Amino acid sequence: MRVGAFLLSAQFPGQSHAEVLERTVSAAVAAERSGLDSVWIAEHHFVPYGVCPNAATLAALLLGRTRRIGVGTAVSVLSTTHPVALGEQAALLHLTSGGRFTLGVGRGGPWIDLDVFGTGVAAYEEGFTERLDLLLRWLRGSRVGADGPQFSFPEVAVVPRADSRAPAPGPELAGWLEDGSGRLHRFPRQRQDAASRADAAGPPMVAACTSPGGVRTAAERGLPMLLGMHSGDDDKVEMLAAYRAAWRACGRGEEQLARIEREHVAAGVVQVADRTGQARASLLRAMPGWFEYGLGAHRTVDGRERRMRDPREYTELLCDLHAVGTPRQCADRLLATAERTGLRRFALLAEGSGGHAATMDNIARLGSEVLPQLG
């Protein structure tokens, strides 16, 4: 199993933007030292739900601050980003990080962002597949042109080529990590290191899937799915079945399907404590206020009505669905999901308690007390 930390750069009430982003950077470094497989960075605009507006930019910083851990976007929003610009960023990060970067993409939402960046509501409602296909052509080809409703330009050379082989880190870095004071320490051995990631041509990708249409789009393009935090095991099983059906309808083979299914990622929540009640209480103290403060700030692009979940009920649901409790309970929850669904990759929200020190402690305990029980 490959377990990573999901970092939303969540601004809890009373925190400055600088404090939040510093917590995100510190959490990524802590995740590497704790032996996690990956960190996943979210992006949002104009809301305190998450104060990172460009996940690829922050991923670049984190790749520079770390040496072994994978860094992915969860997700880069295609509805407000030019696919070629994002493709150039992804290729740059892939080639300069030894293959440690994963590009996650999604539609985003019908937010005011679409007006601010000038893409319009059509980019969200009808334009995602055109944008995704242009991005994929850029990442997989040597020359790309476009002649579609949203993008039309003459053929140009792809520079840098993402399908070049990413150089693996040198042997002098294998098994060691600098602690900031000039001293080197061994870090825990991983099942998948940067060298093995570099074997694949082009950056790995995942696509956020929250609807049957999104599942079908991902399957038709051979992209692994990123499944949301709100999905329980039964929901995941249904989406995985829909993915397999869409995959087979395209006439693709079972061997390739098996490889892709190992790359699906399930987003969730983790909170490790000595007692179950203590873990739940720490999330119930902080997350409802963050949801109300953060999600409540969203503005729709055209004034359409939107419904928001009850913040406390949603927090309780997340506690019920995910790895919240003692180390043994957290491990059991992850193992149960893996057994029920076949999923083996997780991106777990680790900052739900809201505090810097508490987040660092949560990540450390995930690495030292939960991971060893996953086998």
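The values are calculated or read from the model by the stated rules, or taken from the named source; none is laboratory data. Please read all numbers here as calculations on a predicted model, not as lab measurements. Virtual Cβ from ideal backbone geometry, glycine too; neighbours counted across all protein chains shown. The accessibility values were calculated without ligands, DNA or RNA, using every heavy atom of the protein model including side chains. Shrake-Rupley method; radii C 1.70, N 1.55, O 1.52, S 1.80 Å.
Residues of segment 343-359 being open to solvent by less than 40 Å² (accessible area, probe 1.4 Å) and either assigned to a strand (DSSP E or B) or not charged (D, E, K, R) (or both), which ones?
Let us first name the residues in segment 343-359 that are open to solvent by less than 40 Å² (accessible area, probe 1.4 Å), namely 343, 345-355, 359.
Selection gives Leu343, Arg345, Phe346, Ala347, Leu348, Leu349, Ala350, Gly352, Ser353, Gly354, Gly355, Thr359.
Anything in segment 304-326 that is assigned to a helix (DSSP H, G or I) and either within 19 Å of the chain's Cα centre (by Cα) or surrounded by 20 or more Cβ atoms within 10 Å (Cβ to Cβ) (or both)? List them, or say none.
Pass one, segment 304-326, residues assigned to a helix (DSSP H, G or I): 311-321.
Selection gives Thr315, Leu318, Cys319, Leu321.
Specify the residue that is surrounded by the fewest Cβ atoms within 10 Å (Cβ to Cβ); the eligible residues are those in segment 210-252 that are basic (Lys, Arg) and closer than 23 Å to Met1 by Cα. Step through it out loud before you land on a result.
So the first thing to find is which residues in segment 210-252 are basic (Lys, Arg), and the list is 216, 221, 236, 244, 248, 252.
Now drop any that are not closer than 23 Å to Met1 by Cα, which leaves 236, 244.
On the way: Lys236: 20, Arg244: 16.
Applying the filter and picking the extreme gives Arg244.
How about segment 11-50: which of its residues are farther than 24 Å from Arg100 by Cβ and of a type in the set (A, V, I, L, M)? Before you say what the answer is, go through the steps one by one.
So the first thing to find is which residues in segment 11-50 are farther than 24 Å from Arg100 by Cβ, and the list is 11-19, 45-49.
Across segment 11-50, the qualifying residues are Ala18, Val47.
So if I check each of Val301, Val265, Val269, which one is in contact with a Lys or Arg (Cβ under 9 Å, 6 or more places away or on another chain) and either of a type outside the set (Gly, Ala, Ser) or buried (at least 16 other Cβ atoms within 10 Å of the Cβ) (or both)?
Answer to the selection: Val265.
Based on what the data block shows, is Ser368 open to solvent by 10 Å² or more (accessible area, probe 1.4 Å), closer than 12 Å to Val270 by Cα and among the small types (Gly, Ala, Ser)?
Values: open to solvent by 10 Å² or more (accessible area, probe 1.4 Å): yes; closer than 12 Å to Val270 by Cα: no; among the small types (Gly, Ala, Ser): yes.
Judged against the criteria, Ser368 is not a match.
I'd like to check something: does segment 85-105 contain any residue that is touching a Cys at 6+ places or on another chain (Cβ under 6 Å) and closer than 30 Å to Asp302 by Cα? Break it down into steps so the answer makes sense when it comes.
From segment 85-105, those touching a Cys at 6+ places or on another chain (Cβ under 6 Å) are none; that's our starting set.
No, segment 85-105 contains no residue that is touching a Cys at 6+ places or on another chain (Cβ under 6 Å) and closer than 30 Å to Asp302 by Cα.
Taking the criterion of being surrounded by fewer than 17 Cβ atoms within 10 Å (Cβ to Cβ) and in contact with a Pro (Cβ under 9 Å, 6 or more places away or on another chain), would at least one residue in segment 253-262 satisfy it?
yes
Matching residues to (1) of a type in the set (A, V, I, L, M); (2) within 20 Å of Ala267 (Cβ to Cβ):
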residue	(1), (2)
Leu21	yes, no
Ala27	yes, yes
Val39	yes, yes
Asn54	no, yes
Ala60	yes, no
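Can you report the number of residues in segment 60-77 which are open to solvent by 10 Å² or more (accessible area, probe 1.4 Å) and part of a strand (DSSP E or B)?
Residues meeting the conditions: 1.
Would you pick out the residues in segment 138-154 that are open to solvent by 90 Å² or more (accessible area, probe 1.4 Å) and part of a strand (DSSP E or B)? So that I can check it myself, show each step before the final result.
The initial filter retains those residues of segment 138-154 that are open to solvent by 90 Å² or more (accessible area, probe 1.4 Å), namely 140, 143, 147, 149, 154.
If the condition is that a residue be open to solvent by 90 Å² or more (accessible area, probe 1.4 Å) and part of a strand (DSSP E or B), then Arg143, Asp147, Pro154 are the ones that fit.
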